[in-house]
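Right, one structure below, let's go through it.
The values are calculated or read from the model by the stated rules, or taken from the named source; none is laboratory data. Please read all numbers here as calculations on a predicted model, not as lab measurements. Here Cβ is always computed from backbone atoms with ideal geometry, including for glycine, and neighbour counts include all displayed protein chains.
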Amino acid sequence: MVCFLSRQGRVALLVNVTRLTPFRNAGAELLTVKFLKGKMTPKEFANELEMDKNLSFGLTFNLVVADIHSKSMFYISKKTQNKEVDEIKEVGPGQYVITSAGIYDLTCPEGNNGTALLDVERTGKAIFFEIYPEKGGPIYRQFNFDME
């Protein structure tokens, strides 16, 4: 996962990039640059990608583009290497997890099993962190321990 932020308050979050083409400038990284340097709203940008029938053959990605000033954010997914964008979704206020499988609203228990993270330092200290949905909002749990 890579997150890019412009000084103008534009954000692009890129996950699960697969490139099966030898062309250097065929990557989803260029889509993030195009959004960050451009003037389109996140919705306009998502719609342009949806209409682009020549969108980088051999490329798959999950991309979130946002404009902090306009409070607008969209999720764009291309999961199939030989076709156009598969999904465009407006992302509203909330707490989300984005993975290679998609974007999930942590405040919505159905369709999301949660996520976990294990961070182990060279010193042997470790942190296990998990987030999972429950009625009434997401549950966050963190366990700190030492590896032996």
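In table form, for the structure just shown:
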{"read-out": "Residue match in region 90-103 (condition: modelled with pLDDT of 90 or more and among the charged types (D, E, K, R))", "value": "yes"}
{"read-out": "Residue in region 75-87 that is touching a residue at least 24 places away in the same chain (Cβ under 8 Å), part of a strand (DSSP E or B) and not assigned by TED's automatic domain parsing to the domain that holds Phe35 present", "value": "no"}
{"read-out": "Residue that is surrounded by the most Cβ atoms within 10 Å (Cβ to Cβ) [pool: residues in region 108-140 that are at pLDDT 80 or above and out of contact with any strand residue (DSSP E or B) (no Cβ under 8 Å at 6 or more places or on another chain)]", "value": "Glu121"}
{"read-out": "Residues located in region 88-100, provided they are of a type outside the set (Phe, Trp, Tyr), without any contact (Cβ under 8 Å) to a residue 60 or more places away in the chain and assigned to a strand (DSSP E or B)", "value": "Ile88, Lys89, Glu90, Val97"}
{"read-out": "Condition met for Val11 (part of a strand (DSSP E or B), closer than 28 Å to Gln95 by Cβ and modelled with pLDDT of 80 or more)", "value": "yes"}
{"read-out": "Qualifying residue in region 55-74 (condition: at pLDDT below 80, in a strand (DSSP E or B) and either more than 17 Å from the chain's Cα centre (by Cα) or at negative phi (or both))", "value": "yes"}
{"read-out": "Filtered residue count, region 53-107, keeping only those that are within 23 Å of Gly38 (Cβ to Cβ) and either out of contact with any strand residue (DSSP E or B) (no Cβ under 9 Å at 6 or more places or on another chain) or exposed (fewer than 12 other Cβ atoms within 10 Å of the Cβ) (or both)", "value": "8"}
